[in-house]
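In what follows, a single structure is set out as structure tokens and then discussed.
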Amino acid sequence: MPGTIIKHSVRIAGHQTSISLEHKFWDILQEIALRQNISMNKLITNIDATRSGNMSSTIRLFVLEDLEHRLLSNPD
């Protein structure tokens with residue numbers, strides 16, 4: 001189910017941790033990493049470098065901003 005929260009093990013800046021995200025957010029985050037031609041760990045490390053709050057919330061906002069940017073760039 002897309003709304004089910006799943007813990008994902010990741011490595012951020014060399015440290016192993018886990019992030020709890022809904023399945024759909026994780027799927028879209030993987031699509032972004034593929035589009036940027038970088039690993040998930042690298043993408044998450046990049047996101048982590050800009051955050052000031054909770055990592056899972058920061059990732060959700062990153063995904064939403066990416067979707068919003070793509071929508072506004074291609075309004076058709």
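Bear in mind these aren't lab numbers, they're just calculated from the coordinates by the rules spelled out. These numbers come from a predicted model, not from an experiment. No Cβ is skipped: glycine too gets one built from the backbone with ideal geometry, and neighbour counts run over all protein chains shown.
Within the range 13-30, the set of residues being within 20 Å of residue 3 (Cβ to Cβ) and either in a helix (DSSP H, G or I) or out of contact with any Leu (no Cβ under 8 Å at 6 or more places or on another chain) (or both) comprises 18, 19, 20, 22, 23, 24, 25, 26, 27, 28, 29, 30.
Is there a residue in the range 44-57 that is among the polar types (S, T, N, Q), within 22 Å of residue 70 (Cα to Cα), touching a Leu at 6+ places or on another chain (Cβ under 6 Å) and surrounded by 10 or more Cβ atoms within 10 Å (Cβ to Cβ)? Yes, that holds for at least one residue.
Filter the range 7-30 down to the residues that are within 17 Å of residue 57 (Cα to Cα) and among the charged types (D, E, K, R), then identify the one that is surrounded by the fewest Cβ atoms within 10 Å (Cβ to Cβ). Looking at residues that are within 17 Å of residue 57 (Cα to Cα) and among the charged types (D, E, K, R), I get 7. The lone criterion from (1) outside any strand (DSSP E or B); (2) surrounded by fewer than 12 Cβ atoms within 10 Å (Cβ to Cβ); (3) touching a Ser or Thr at 6+ places or on another chain (Cβ under 8 Å); (4) not β-branched (Val, Ile, Thr) left unmet by residue 33 is number (2). Taking the criterion of being over 13 Å from residue 10 (Cα atoms) and of a type in the set (Asp, Glu), the residues of the range 21-76 that qualify are 22, 27, 31, 65, 66, 68, 76.
Condition check for residue 60 on (1) surrounded by 11 or more Cβ atoms within 10 Å (Cβ to Cβ); (2) without any contact (Cβ under 8 Å) to a residue 24 or more places away in the chain; (3) in a helix (DSSP H, G or I): one failure, at (2). Residues that are within 20 Å of residue 23 (Cβ to Cβ), in contact (Cβ under 8 Å) with a residue 12 or more places away in the chain and not polar (S, T, N, Q) within the range 35-57 comprise 40, 43, 44, 47, 55, listed in sequence order.
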